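Step one of this worksheet: look at the structure below.
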Amino acid sequence: MTEAQADGLDQLRTRTSVKWRTYPDDVLPLWVAEMDYRLAAPVAEAMIRRITESDLGYVSSPAELGAAFAGFVHRTWGWEVDPGGVRMCSDVSVAIVETFRRLIRPGDRIAITPPVYTPFFELTEEAGGQVHEVPLLDDGTSWSLDLDGLEAAFASGTTVFLLCNPHNPVGLVHSADTLRRLADLAAAYDVTVVSDEIHGPLVYPGVTFTPFLSVSEAAREHGICVTSASKAWNLAGAKCALMVAQSARALAHLDAMPAEVGARTSQLGLHASIAAFEQGGPWLSTVHQALTTTVELLGTLLAQELPEVVFRPPSASYLAWLDFRALGWGDDPAARILDRARVALVPGHIFGDPGRGHARLNFACSPEVLSQAIRQIRAC
């Protein structure tokens, strides 16, 4: 498959992932962050090759993965990464919680910025930390980090900040200037910034993604990047993620993790990720084209069918943050939509209190499925 193409519904319903097995067949699942596109050919071939060669043992070194990642980020963003500073694990959630375990003592506070990816709350608690919420600023047209609020959190003893870059669910891509100012604050208060950059390859035309560690020496000294090929190349179940350090102190944290953190990486996921970073660029470009078309369609459909719903097109990823409050559908409009329209969205309130009255919609699907979903929501 040389371009991103969504399967038809009959074929999609044969998939066994959580997206397609959670709800009955009369529900259109536009919820969890899985794309409906078929795998990139080089990625599928890399996985099949491991199977045909009976090469499904334990993973060995992260060296080849680190080199593939370093090549990709240099070509894509001009970011210089030493492959020797790359470590691997099974997924980004594991990367986050295991990094937290190296950085905090039980009861330490970790700052997050709701509305934000819901596992951020859970991962903080799993590592023994306490959530310190610093909500995004919203001026009615755009979102931004509350740097003053973060400084106050850092000054009061918060030791770690979990950055979502780009930000899920609103699709905010932080500017290089914002990230430099954040890095300066982290240095001033000796805070570690763990930057989840899993959606980084999925920015839209005219938008520049900036890796946190690329902005300054302060960022490299006080930051750790966690990321994966899983969102951009639709590999969540393949179980391979990366942790990137660009300072001696950050690398020491990664190398203090138990060996099993890396050993639990999937052999199939490792080789799929290498193929994605090395050969998946052309396919990813077609994903960008498909998503650009689909997000424009979503905006048109909402304006025509649900004009009361507030939608700001994201700068990255395939997730739409929809504000249903003007319709009076309560704190959890996704519940009404599932019950009456038979469309599954993610409830906004689970992203934090600023998400009440909102829902997240995944538009990495065919135009036909998206159009059908919006028509069904209109009728509810």
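So, counting K/R as plus one and D/E as minus one, what does the shell of residues with Cβ under 15 Å around Ala218 add up to?
Values: positive: Arg180, Arg181, Arg220, Arg249; negative: Glu151, Asp177, Asp184, Asp190, Glu217, Glu221.
Residues near Ala218 contribute -2 overall.
Give me the Kirkwood hydrodynamic radius of segment 209-364 in Å, from all C-alpha pairs, to one decimal place? Could you put the intermediate results ahead of the total?
Numbers: mean 1/r = 0.0537 Å⁻¹.
This gives a value of 18.6 Å.
At a probe radius of 1.4 angstrom, the accessible area of segment 250-341 per residue rounds to 42 square angstrom.
For segment 136-282, the pair-distance distribution built from all alpha carbon pairs, in bins 5 Å wide starting at 0, is 2, 9, 16, 20, 19, 16, 11, 5, 2, 0 percent.
So what's the net charge close to Pro83: Lys and Arg +1, Asp and Glu -1, counting the other residues with Cβ under 14 Å from its Cβ?
Working: positive: Arg87; negative: Glu64, Glu80, Asp82, Glu278.
Charge balance in the 14 Å sphere: -3.
Taking the accessible area of segment 227-312, probe 1.4 Å, and keeping the other protein chains in place, the carbon and sulfur fraction comes to 55%.
Using Cα pairs closer than 8 Å and at least 6 residues apart in sequence, work out the relative contact order for segment 53-96, in percent.
Working: 26 pairs, mean separation 15.0, N = 44.
Computed value for segment 53-96: 34 percent relative contact order.
Build a GNM of the chain with springs between Cα atoms under 10 Å: which of Gly206, Gly71, Gly281 gets the top mean-square fluctuation? Among Gly206, Gly71, Gly281, the largest GNM mean-square fluctuation belongs to Gly206.
When the dipole is taken about the Cα centre of segment 220-364, and only Lys, Arg (+1) and Asp, Glu (-1) are charged at their Cβ, what size is it in debye, to the nearest 20? The dipole of segment 220-364 has a size of about 120 debye. Restricting attention to the chain, close to 55% of DSSP beta bridges with both partner residues there are antiparallel.
Build a GNM of the chain with springs between Cα atoms under 10 Å apart, and of Ala256, Ala95, Ala344 the one that fluctuates most is Ala256. Here the Debye sum runs over all C-alpha atoms of segment 30-172 as equal scatterers in vacuum, and log10 of I(q)/I(0) at q = 0.21 Å⁻¹ comes out as -1.32. In this structure the amide hydrogen of Trp79, modeled in the peptide plane, comes within under 5 Å of the amide hydrogens of His74, none closer than 5 places in sequence on its chain.
With helices defined as uninterrupted DSSP H runs, which ones in the chain have an alpha carbon span along their own long axis of at least 27 Å and mean Kyte-Doolittle hydropathy of at least -0.5?
Numbers: long enough: 281-305 (35 Å, 0.40).
Passing helices, by number: 281-305.
Note down the net charge around Val134, summing +1 for each Lys or Arg and -1 for each Asp or Glu among other residues with Cβ under 10 Å from its Cβ.
-4
Accessible area of Ile96 (1.4 Å probe, protein heavy atoms only, ligands and nucleic acids ignored): about 0 Å². Mean-square fluctuations from a GNM of the chain, with a 10 angstrom spring cutoff on Cα atoms, peak among Asp148, Asp331, Asp108 at Asp148.
The values are calculated or read from the model by the stated rules, or taken from the named source; none is laboratory data. This is a predicted model, so every value here is computed, not measured. Backbone-built Cβ (ideal geometry, glycine too); neighbour counts: all protein chains shown. SASA here: full protein model, heavy atoms, side chains in, ligands and nucleic acids out. Shrake-Rupley method; radii C 1.70, N 1.55, O 1.52, S 1.80 Å.
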